[in-house]
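Read-outs throughout are calculated quantities, based only on the coordinates presented, and are distinct from any laboratory measurement. Remember, it's a predicted structure, so these values are computed and weren't measured experimentally. Because the Cβ atoms are built from the backbone with ideal geometry, glycine has one as well, and the counts that use them run over all protein chains shown.
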Amino acid sequence: MKNSTVITITTVHGSKSFTIGQFAKNIMGYAVFFSFMLFLGGGIFVYMLSAKVSDYKDIEEKYHRLLATNSNLEMNINKKENELGEIQEKISDIETMIGLEPKEDFEVGNRLDIAELDAQEKLLMLRNIPNGSPLNSNMVTSNFGWRENPTQESKQFHTGLDLRATINTPVYATADGIVEVARKESKIGYGKLLVLDHVLGFKTLYAHLNELGVKAGQFVKKGQLIGYSGNTGISSGPHLHYEVRYIGIALNPKSFVDWNLKDYGRIFEQEKKVGWESLSQGIKWQWTLLKQLSSQKEQRLQASLMSNANYTSTD
Ligand SMILES: [Zn+2]
């Protein structure tokens, strides 16, 4: 038979032969081809699926890593928030200490800038303008103002403050300044006398001294020992006569003796003869200028260090 195939199947029961025609052969051929294609397609599909599964595993791993990172970040944020809380409390303490209202609504950086400027301004004012007592003790025996003259029995304006002091009690400068007068003459008026010239228009005067510790023209720092109290000149007994003058006018030294960082604002109400606002602006201006100069100097130093490093790093 032309174009036909005989298939013989042999089993224990004997052999059987089948004759397959051309059409059936074609059908079988197509069936084999389609089965093969199906198998191939299935293989490709399984391969692609396994690649997807692998991608999914990667994504899952990344997700877990991100979760861990997120948890670490959250811990860090909590830690930083706690630290920020502590810093804000400390800034509040500083603000209170230097007499500012705590500004809790402001950003930390701004609060620090304000506190720094405020503290620097106050500290500069308290370095340059007389404040505190010229003695370690602070016992007033005669106030500033009209009084009965103890030596002449008549009314006289007392231009200073008398402080109790036994002979040779140490006397200290109440602000930075230059010794303008260091008079050793002990018989007349104020006796042995020191006058300090401070910046911003202030002078202080220390009279009836027993001994001078500084010379005219010498720079003295606030708190520096400048002499010893006594009873020289026209004096009713050992004491220190202390004066504060502003552009030539004698002011009540008591406000200045009581002036300090903790009780900073009261003097502005008590002593109206001083242009406090203008002095404060002047101090702020000087401090800003100093800060700018110092910052420029630092930048130049950094640039110089960088350029030196560049020279040394090349052979
Ligand atoms: Zn006096």
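Filtering segment 160-173 to residues that are in contact with a Pro (Cβ under 7 Å, 6 or more places away or on another chain), away from the ligand (no atom under 11 Å from the Cβ) and touching a residue at least 60 places away in the same chain (Cβ under 8 Å) leaves ALA165, THR166, ILE167, VAL171.
Residues in segment 1-46 that are in contact with a helix residue (DSSP H, G or I) (Cβ under 9 Å, 6 or more places away or on another chain), of a type in the set (Ser, Thr, Tyr) and in a strand (DSSP E or B): THR5 only.
Scan LEU225, LEU290 and give me the residue that is of a type in the set (A, V, I, L, M), surrounded by fewer than 14 Cβ atoms within 10 Å (Cβ to Cβ), within 33 Å of the chain's Cα centre (by Cα) and under 29 Å from GLY145 (Cα atoms). Of the residues listed, the single one that is of a type in the set (A, V, I, L, M), surrounded by fewer than 14 Cβ atoms within 10 Å (Cβ to Cβ), within 33 Å of the chain's Cα centre (by Cα) and under 29 Å from GLY145 (Cα atoms) is LEU225.
Residues in segment 213-233 that are touching a Gly at 6+ places or on another chain (Cβ under 8 Å) and not in a loop (DSSP other than H, G, I, E, B): PHE219, VAL220, LEU225, ILE226, GLY227, TYR228, GLY230.
Taking the criterion of being in contact with a strand residue (DSSP E or B) (Cβ under 6 Å, 6 or more places away or on another chain), closer than 24 Å to PHE157 by Cα and without any contact (Cβ under 8 Å) to a residue 60 or more places away in the chain, would at least one residue in segment 215-233 satisfy it? Taking every residue of segment 215-233 in turn, at least one turns out to be in contact with a strand residue (DSSP E or B) (Cβ under 6 Å, 6 or more places away or on another chain), closer than 24 Å to PHE157 by Cα and without any contact (Cβ under 8 Å) to a residue 60 or more places away in the chain. In segment 129-149, the count of residues that are in a helix (DSSP H, G or I) and away from the ligand (no atom under 16 Å from the Cβ) is zero. Restricting segment 234-258 to residues that are of a type in the set (D, E, K, R) and not in a strand (DSSP E or B), the residue that is nearest to the ligand (Cβ to nearest atom) is LYS254.
So that you can scan it fast, the table gives a plain yes or no per residue for (1) closer than 17 Å to ASN131 by Cα; (2) within 14 Å of the ligand (Cβ to nearest atom); (3) touching a strand residue (DSSP E or B) at 6+ places or on another chain (Cβ under 9 Å):
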residue: HIS158; (1), (2), (3): no, yes, yes
residue: ALA175; (1), (2), (3): yes, no, yes
residue: LYS184; (1), (2), (3): no, no, yes
residue: TYR190; (1), (2), (3): no, yes, yes
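Regarding SER17, is this residue loosely packed, with under 10 Cβ neighbours inside 10 Å and either touching a strand residue (DSSP E or B) at 6+ places or on another chain (Cβ under 7 Å) or touching a residue at least 40 places away in the same chain (Cβ under 8 Å) (or both)? Yes: the conditions hold for SER17.
When LYS203 is tested against (1) in contact (Cβ under 8 Å) with a residue 40 or more places away in the chain; (2) crowded, with 22+ Cβ neighbours inside 10 Å, just one condition goes unmet, and that condition is (2). Among the conditions (1) exposed (fewer than 14 other Cβ atoms within 10 Å of the Cβ); (2) closer than 18 Å to GLY237 by Cα; (3) within 15 Å of the ligand (Cβ to nearest atom), GLU153 misses just one, which is (3).
Of the candidates LYS203, LYS187, the single residue that is over 11 Å from LEU240 (Cβ atoms), of a type in the set (Lys, Arg) and not in a strand (DSSP E or B) is LYS187. Take the residues in segment 192-233 that are within 23 Å of LYS273 (Cα to Cα), out of contact with any Pro (no Cβ under 7 Å at 6 or more places or on another chain) and β-branched (Val, Ile, Thr); name whichever of them is nearest to the ligand (Cβ to nearest atom). Once the filter is applied, the top-ranked residue is VAL195. Looking at segment 232-269, which of its residues are surrounded by fewer than 18 Cβ atoms within 10 Å (Cβ to Cβ) and closer than 22 Å to ALA119 by Cβ? Within segment 232-269, ASP258, ASN260, LEU261, LYS262, ASP263, TYR264, GLY265, ARG266, PHE268, GLU269 meet the criteria.
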